[in-house]
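Okay, so here's the structure we're looking at.
The values are calculated or read from the model by the stated rules, or taken from the named source; none is laboratory data. Only a predicted model underlies this, so the values are computations on that prediction, with no experimental measurement involved. All Cβ positions, glycine included, derive from the backbone under ideal geometry; neighbour counts span all protein chains shown.
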Amino acid sequence: MSHYSYILRSEPTELTFFDTLRVAFDLIKDEYGLEFKYAFFEEGANDLGRHVYWETGKQAILSLVEDLATPVRYLMIEAATRAEMERLGGCLKDLLPVISLEELQEEARQKMMDDPQTLVRMAIGTGKLFDPTSLEILRSGLQCDDDMVRFRAAAATSFTEWTDFLPDLIQMSQNDPSPEVRKMASLAVEACQRSL
């Protein structure tokens, strides 16, 4: 299955968003004939949870992910084909308050020193499809003097799984002055090696 995530302009604790999502599902049913039903809630570690919606014809799965630690709320689309994922994603982008990748990149570039989590939000919004701007921003985070920025940048690379980061991450996992950054870089190496 192909998948992609859209960062939403909605706080993870905002309950009114579920009404917005319900309206979007009604419009998708009317316009595309795809009907989504709530399946279950899955609670993860570190203040992470997801609400899962299945398309009744098993063509797609939508997960509304709420990450209170980052903090970010995003919609992950999984579909049988990339074309179906893009079609559904295009529709949802028109119906929901989605933050564009360009806006996420600009936010990360400008605020990474004050809010290193902007790197994680950008990486989630970038996904596994290669983007040279996101690569450049994450690399600058990996090379930053600030331990927390390097830590979050290493964590962010795990969402992309791009092998381009492996040389930097391997070096960081062995030589970074911070033990926390070394550990996160090691975990990121494992994630990026999955795509080899």
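If Met112 passes every condition in (1) assigned by TED's automatic domain parsing to the domain that holds Phe17; (2) within 17 Å of the chain's Cα centre (by Cα) but one, which one does it miss?
(1)
Checking Phe130 against (1) over 19 Å from Asp67 (Cα atoms); (2) buried (at least 19 other Cβ atoms within 10 Å of the Cβ); (3) hydrophobic (A, V, I, L, M, F, W, C); (4) touching a Phe, Trp or Tyr at 6+ places or on another chain (Cβ under 8 Å): exactly one of these is not met. Which one?
Of everything listed in (1) over 19 Å from Asp67 (Cα atoms); (2) buried (at least 19 other Cβ atoms within 10 Å of the Cβ); (3) hydrophobic (A, V, I, L, M, F, W, C); (4) touching a Phe, Trp or Tyr at 6+ places or on another chain (Cβ under 8 Å), Phe130 misses just condition (2).
Would you check which residues across region 41-87 are closer than 18 Å to Pro97 by Cα and in a loop (DSSP other than H, G, I, E, B) and list them?
Pro71 - this is the single residue of region 41-87 that is closer than 18 Å to Pro97 by Cα and in a loop (DSSP other than H, G, I, E, B).
Could you grab the pairs with beta carbons closer than 8 Å, sequence gap of 6+ or different chains, first residue in region 172-196 and over 13 Å from Ala156 (Cα atoms), second one modelled with pLDDT under 95 and among the β-branched types (Val, Ile, Thr)?
Listed by first residue and then by second, the contacts come to nothing, as the list is empty.
Only one residue in Val120, Val23 is in a helix (DSSP H, G or I), under 26 Å from Gly141 (Cβ atoms), in contact (Cβ under 8 Å) with a residue 24 or more places away in the chain and among the aliphatic types (A, V, I, L, M), so which one is that?
Val120
Look at region 15-24 and say how many of its residues are touching a helix residue (DSSP H, G or I) at 6+ places or on another chain (Cβ under 9 Å) and farther than 13 Å from Val98 by Cα.
Residues that pass the stated criteria total 1.
Answer yes or no: is there a residue in region 153-173 that is more than 20 Å from the chain's Cα centre (by Cα), surrounded by 24 or more Cβ atoms within 10 Å (Cβ to Cβ) and part of a helix (DSSP H, G or I). First the steps, then the outcome.
From region 153-173, those more than 20 Å from the chain's Cα centre (by Cα) are 167-168, 170-173; that's our starting set.
Filter once more, so that each one left must be surrounded by 24 or more Cβ atoms within 10 Å (Cβ to Cβ): 172.
Now drop any that are not part of a helix (DSSP H, G or I), which leaves 172.
Within region 153-173, one or more residues are more than 20 Å from the chain's Cα centre (by Cα), surrounded by 24 or more Cβ atoms within 10 Å (Cβ to Cβ) and part of a helix (DSSP H, G or I).
Counting only residues that are small (Gly, Ala, Ser) and under 20 Å from Leu8 (Cα atoms), which one in region 105-154 is modelled with the lowest pLDDT?
Gly127
Just checking, which of Ser140, Ser158 is out of contact with any Cys (no Cβ under 7 Å at 6 or more places or on another chain) and within 22 Å of Gln193 (Cβ to Cβ)?
The conditions single out Ser158.
Scan (1) in contact (Cβ under 8 Å) with a residue 60 or more places away in the chain; (2) farther than 18 Å from Thr20 by Cα; (3) more than 14 Å from the chain's Cα centre (by Cα) for the single condition Leu88 breaks and write down its number.
Among (1) in contact (Cβ under 8 Å) with a residue 60 or more places away in the chain; (2) farther than 18 Å from Thr20 by Cα; (3) more than 14 Å from the chain's Cα centre (by Cα), the lone unmet condition for Leu88 is (2).
Out of the residues in region 1-20 that are in a loop (DSSP other than H, G, I, E, B) and of a type in the set (Val, Ile, Thr), which is surrounded by the fewest Cβ atoms within 10 Å (Cβ to Cβ)?
The residue in question is Thr16.
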